[in-house]
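Structure record follows, encoded as structure tokens.
The values are calculated or read from the model by the stated rules, or taken from the named source; none is laboratory data. None of these values were measured; they are calculated from a predicted model. In this analysis, Cβ positions are derived from the backbone assuming ideal geometry, glycine residues included, and neighbour counts consider all displayed protein chains.
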Amino acid sequence: MAVSGLTRRALLRGSAVAVAAVAVGGAGVSMAYAADDAPVSLPAATGPYAVGTRTIHLTDDHRSDPFAPEGTSPPRELMIQVWYAAGSTYGLRRAPYLSAGLVPVVEKRFTLPEGALARVRTESWLNAPVHHELRDAPVVFFGPGRQDPAATGTAFAQDLASHGYLVIGVNHTYDGPVEFPDGRVVPQNPGTGDVALLRKYSDVRAADLSFVLDVLAGERGATPLGRFTPPADLGRVGVFGHSLGGSAAAEVVRTDGRFAVGACLDGALQTDAVQTGLDRPFLLFTEPLELPTWSDFMAHHTAWGRRMILAGARHYSFTDLAPLGVSLGLAQVWSAEQFAKYFGAVDGVRSQAVTAAYVRAYFAHRLRGEASVSPSLDGVDADFPEVAVSWVSGG
């Protein structure tokens, strides 16, 4: 099971985590899993609300899809998933982690045993009504890493939704895998180390985020979101993402003034914000690695900003794959080298919980205006000794 072609820098640049190229012992792994099809759960949400979710198909008829097959120019189509505080869940069923058509695509990408992701259980109730007490929910967008579906941030989304946020996960077609309601499955494009192409992906993602906010705001006609989501507070809109999703978060904060705050989870920044900084709050939450784009961004940023470093982490410590790696027993079916390249030395359940706590504290402080938050965003927190604050900008 060789992974020598996957460098640390390539992982962060959203390029060669084309993990389908990594051999994982094939049938032996699937056979080992055949005897264990017990459900596994994502980390529990920490808020007081049950969580509802829906998926929505959107078409941007103002843009042609730049990644569509050569010789075609269809409008840009997206699938989004919305998480929110739910009312009654009586008679409802739990939402699947992934649509049926995406399960084998994502398993192949991460060289997971066949059927592994079908075992994952979410806490989200499919098509649940909105909680009747919820009013003016802050809006938070989530973008996944390069080649990944938005579902890889489900645990973060459920946690924020359980605290009263409206969370919108955006699947970026061709960049990551997408299944549409008519059964079309569009797989992710190949990995790349081409900086210009990565920049293009980041820019298109930022345009996708602005389009979805247009839809939410009713600027593209009657919004399909209004039928079931809580009244959104469009004066409080945040965005965060993993890997290239974090780059797009910085870019959309730079280009669209409606996005008040942003955060990047361990992603190289393919955006002009590296040279200009931002005039709004931004959080970097990363593994213990130094990248030029982070250094340049921090040098130019003038607004509130923090960089938190999670000791022992690696690139996929900041996704659902980290706790699922524990629940699915990937340490037993992956090589030690591959497991370490994905998750480092920190326990996957702990790394996701720590990241979720800081994401939640950040949006509580910078989006909701809560004066006192835990964990601390200003220094070492006794409950999170593995996190160091390496950069502080603003008060």
Residue check for residue 354: outside any helix (DSSP H, G or I) and of a type in the set (Val, Ile, Thr) = no
Count of residues meeting criterion [touching a Ser or Thr at 6+ places or on another chain (Cβ under 6 Å) and part of a helix (DSSP H, G or I)] in the stretch 264-291 | 1
Criterion violated by residue 359 - all others in (1) surrounded by fewer than 19 Cβ atoms within 10 Å (Cβ to Cβ); (2) part of a helix (DSSP H, G or I); (3) in contact (Cβ under 8 Å) with a residue 12 or more places away in the chain satisfied | (1)
Kindly indicate whether residue 380 is of a type in the set (A, V, I, L, M, F, W, C), farther than 16 Å from residue 266 by Cβ, in contact with a helix residue (DSSP H, G or I) (Cβ under 6 Å, 6 or more places away or on another chain) and at pLDDT below 95.
-> no
Single residue of 106, 51 found to be crowded, with 18+ Cβ neighbours inside 10 Å and in a strand (DSSP E or B) = 51
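Checking the condition among the acidic types (Asp, Glu), in contact with a helix residue (DSSP H, G or I) (Cβ under 9 Å, 6 or more places away or on another chain), more than 13 Å from residue 55 (Cβ to Cβ) and in a loop (DSSP other than H, G, I, E, B), which residue from 114, 123 passes? Break it down into steps so the answer makes sense when it comes.
On the way: 123 fails: in a loop (DSSP other than H, G, I, E, B).
Just a single option satisfies the conditions, and that option is 114.
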Looking across the stretch 63-111 at residues that are in contact with a helix residue (DSSP H, G or I) (Cβ under 6 Å, 6 or more places away or on another chain) and of a type in the set (D, E, K, R), the single one that is nearest to residue 41 (Cα to Cα) is 107
Assuming residue 332 fulfils every condition listed in (1) loosely packed, with under 14 Cβ neighbours inside 10 Å; (2) in a helix (DSSP H, G or I); (3) modelled with pLDDT of 95 or more apart from one, which condition is it?
-> (3)
Could you please let me know if residue 146 is within 21 Å of residue 212 (Cβ to Cβ), touching a residue at least 24 places away in the same chain (Cβ under 8 Å) and among the basic types (Lys, Arg)?
-> yes
For the stretch 69-88, does any single residue satisfy the condition of being closer than 30 Å to residue 366 by Cβ, of a type in the set (Asp, Glu) and in contact (Cβ under 8 Å) with a residue 60 or more places away in the chain?
-> no
Look at residue 58 and say whether it is within 21 Å of the chain's Cα centre (by Cα) and either in a loop (DSSP other than H, G, I, E, B) or in contact (Cβ under 8 Å) with a residue 40 or more places away in the chain (or both).
-> yes
Report whether or not residue 216 is under 18 Å from residue 138 (Cβ atoms) and at pLDDT 95 or above.
-> no
Residue check for residue 155: touching a helix residue (DSSP H, G or I) at 6+ places or on another chain (Cβ under 9 Å), modelled with pLDDT of 95 or more and in a helix (DSSP H, G or I) = yes
Considering only residues that are closer than 26 Å to residue 311 by Cα and free of Cβ contacts under 8 Å to residues at least 60 places away in the same chain, look in the stretch 274-290 and name the one that is nearest to the chain's Cα centre (by Cα).
-> 286
Which one of these does residue 316 not meet: (1) closer than 15 Å to residue 250 by Cα; (2) touching a helix residue (DSSP H, G or I) at 6+ places or on another chain (Cβ under 6 Å); (3) among the hydroxyl-bearing types (Ser, Thr, Tyr)?
-> (1)
Where residue 147 falls short, out of the listed (1) closer than 29 Å to residue 43 by Cα; (2) of a type in the set (S, T, N, Q); (3) surrounded by fewer than 24 Cβ atoms within 10 Å (Cβ to Cβ) | (3)
Just to be sure, is residue 126 under 23 Å from residue 41 (Cβ atoms), aliphatic (A, V, I, L, M) and surrounded by 20 or more Cβ atoms within 10 Å (Cβ to Cβ)?
-> no
Give me the pairs, please: first residue somewhere in the stretch 193-204 and over 19 Å from residue 170 (Cβ atoms), second residue anywhere and polar (S, T, N, Q) and surrounded by 13 or more Cβ atoms within 10 Å (Cβ to Cβ), beta-carbon distance under 6 Å, and either six or more positions apart or on two chains.
-> 193/15
